[in-house]
Structures are given as C-alpha cells and as structure tokens.
1. Here are Gly294, Gly240: which of them is within 30 Å of Ala159 (Cα to Cα) and not assigned by TED's automatic domain parsing to the domain that holds Arg151?
2. Among the numbered criteria (1) at pLDDT 95 or above; (2) crowded, with 24+ Cβ neighbours inside 10 Å, which one does Ala185 miss?
3. Could you list, in sequence order, all residues of segment 118-173 that are within 19 Å of the chain's Cα centre (by Cα) and small (Gly, Ala, Ser)?
4. Pick out the one residue from Ser170, Ser236 that is of a type in the set (Ser, Thr, Tyr) and farther than 19 Å from Gly294 by Cα.
5. Conditions first: (1) on the phi > 0 side of the Ramachandran plot; (2) surrounded by fewer than 17 Cβ atoms within 10 Å (Cβ to Cβ). Pro262 passes all but one, so which condition is the exception?
6. Please enumerate the residues belonging to segment 129-152 that are crowded, with 21+ Cβ neighbours inside 10 Å, over 18 Å from Met203 (Cα atoms) and not aliphatic (A, V, I, L, M).
7. Determine whether segment 100-110 contains at least one residue that is part of a loop (DSSP other than H, G, I, E, B), out of contact with any Ser or Thr (no Cβ under 6 Å at 6 or more places or on another chain) and not hydroxyl-bearing (Ser, Thr, Tyr).
8. Tell me which of these Val114 doesn't satisfy, since it passes every other one: (1) over 26 Å from Asn268 (Cα atoms); (2) outside any helix (DSSP H, G or I).
Amino acid sequence: MATASTITVDDSVAVVIVNYNGADFLSACLSAIFEQSVKPERVIVVDNASTDLSNSIIQSSFPEVELIKLDQNTGFAAANNKAFTLIKDCSWVALLNPDTIAYPNWIELLKKAVNKYTDTAVFSCRLEDMNDASKLDGTGDQYHVTGLSWRRDHGASAAVNRTIGEGVFSPCAAAALYRLEDVIAVGMFDESYFCYNEDTDLMFRLRLNGKHCLHLDDCIVRHAGSGITGVQSDFSVYHGHRNLVWTYFKNMPSFLLWLYLPQHILLNLVSMVHFTLKGRFKVIVRAKWHALRGLPRVLRMRKSIHKPDNVSSSKIACSMIRNPLAAYFNRYEK
C-alpha cells in the first residue's frame, strides 16, 4: 500500500464515471471503487439524465459519491468535461465506465505509476472481458495511419501479457488515468463527438503537444464492453465511423495527412462496402455524410491545434501502426 514516504509527486486522484441508464452495472462498479486498497480522493458520477434506477442506487447505497445530475444526455465527452472543470483539488482523473469492475489494487498501482513515471501524462489499463475470464477486452488502443483505431488484444487469450510501462498510442477511456492540467490545456474532449473515438482524439492532441501514454498491464479492470450502447449497434457504428474521419483531418500532421490520404479514402470506401453487405447501408452512409458535413468545423479547429512547436511528424508516425494491411484485418474496431 502506498505510504506518505513513497509519494514524491501530487498523486491525488478523482475517479469519474459517466453514466446513462447503467443501473444494472453501477452497484458492482462503485462497490469495487470503495473497496480499493488505496482510496481515491474523490468519486464523481456524472449522470446523463438516466431514466432507470441509477440515481436512486447511488443516493441510497453510495452516499459518498458526488452525483452530478444533468438535464439531458450530453454524451460521454461533454459529461466528462463537466467533471473536469469542477475538479480543483486533484491532479489526476481516473475515468471508468459503469460496466467495469476494478481490481482491489487498481488505484494503488495507478498512484505508484504516477510516482514512478513522472514525465507521463496518460496511463492505459489492462481490460479483461467481464463475460469471459479466458479473454482480454483490451490493452490500450492502437491508431493506424489510415485513421482507424482499435483496441489492442481485444478477444485475445487472458494469458497474453504486455510489458508494464510500454508505450501505446492511446488508452481506452473505459479505464484510464489522465493528468488533469494536460487534458485541460489541450481543450479536453471534443463534445461534438458525443461518444466513440473521443479518447483517441484527445490523446492525439496530447501527443502533438509532446505528451505520451504508457500501458500498465498490472492495473486491471474487468469490462463488460458496450454494456450500455450495444456491440456494433447502429449507435456505435454511426458515431465511431463519423468520428474517425474527424479525428484524422483534425489531428494528422500535414505531411502525414497527404501521404496517407489515399489509404484513408480507401478505408472509408471499404467500410461502406463492409457495412452495406451486412445490411447497414443507411447507418454507414449517414455516418460518412455527417462526417463530411462537419469537416469545415473540424478544419477550423485544426488551425488552432497545429502549431510550429508541435511534435515532429516523424515522431507522431512512430506512434502509429503503419502496416498497410493491419487496418483491414484487425479484430476489433472502436
């Protein structure tokens, strides 16, 4: 257990959970947080106007939780931003999805990592499949030069181990730790995303500002995975495939954007054929059409993101997957 003598930096942590009709998961999720070997300084639930028993469960069983009730479903990105702006007394924010159960030493190990890797702004956690203990749900997110992102090791054997402290492009925000001041400095989550790929977009902007992400394979969280939005639902397909276009055009350094633009276009065409063959023509066309309609706004944002002192294109490229076939044969799309 962390002691005062081992703390060399401010490792105060606020756990933030964005909830929308997650009553079936909340009790287990919150119980795991309050049973941690080292307690977080704050536990905040931002509720996106749930219509189930979520708020009643929190108020009756978890009075220690700081509950922020929103009047409408603002999405994952905006709800987290609401919490970020209210946290003034913690240096770190640990994000959790409601459909997760953290191992008892999760916070303890996160705090040890903060003290060990003092130049790191973001940490990724090991996600285990809550419904199948023999499988992983992911070990951080990878980003391909085409603009596609996916959860590394999704569906792989739980026997797979990753090196503690190795680099990964982005954490999966279902369980991740961020230095709050760095997140605020780059503008927090893009609220227009609503949800899906907002974690990749945020990490891309952090990377452009010289920050990086390390994976902590000993910080383990069990994850139901799309427990609320549904696996490959129209909702997830629409937001995921709209937002990946915005992330590419907003963040990709100019040289890399033009270099890989043919691959990005091919990716989108292949995605449209793929989902059309699955009977999802309307949703994939709507996603891409709305992505195009949103490009003028995205390109305006790009001007404020890309500055002369940004990290070099070569360094950004080194953090991505460049195998031309990887984007078409990965086992899981975010």
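1. Step by step, each of Gly294, Gly240 is checked, and only Gly240 is within 30 Å of Ala159 (Cα to Cα) and not assigned by TED's automatic domain parsing to the domain that holds Arg151.
2. Result: Ala185 passes all but (2).
3. Ala121, Ser124, Gly138, Gly140, Gly147, Ser149, Gly155, Gly165, Gly167, Ser170, Ala173, listed by residue number.
4. Step by step, each of Ser170, Ser236 is checked, and only Ser170 is of a type in the set (Ser, Thr, Tyr) and farther than 19 Å from Gly294 by Cα.
5. Only one criterion in (1) on the phi > 0 side of the Ramachandran plot; (2) surrounded by fewer than 17 Cβ atoms within 10 Å (Cβ to Cβ) is unmet by Pro262, namely (1).
6. Asp137 - this is the single residue of segment 129-152 that is crowded, with 21+ Cβ neighbours inside 10 Å, over 18 Å from Met203 (Cα atoms) and not aliphatic (A, V, I, L, M).
7. no
8. Result: Val114 passes all but (2).
The values are calculated or read from the model by the stated rules, or taken from the named source; none is laboratory data. Bear in mind that the values here come from a model prediction, so they are computed numbers and not experimental data. Using ideal geometry, Cβ is built from the backbone for each residue, glycine included, and neighbour counts are taken over all protein chains shown.
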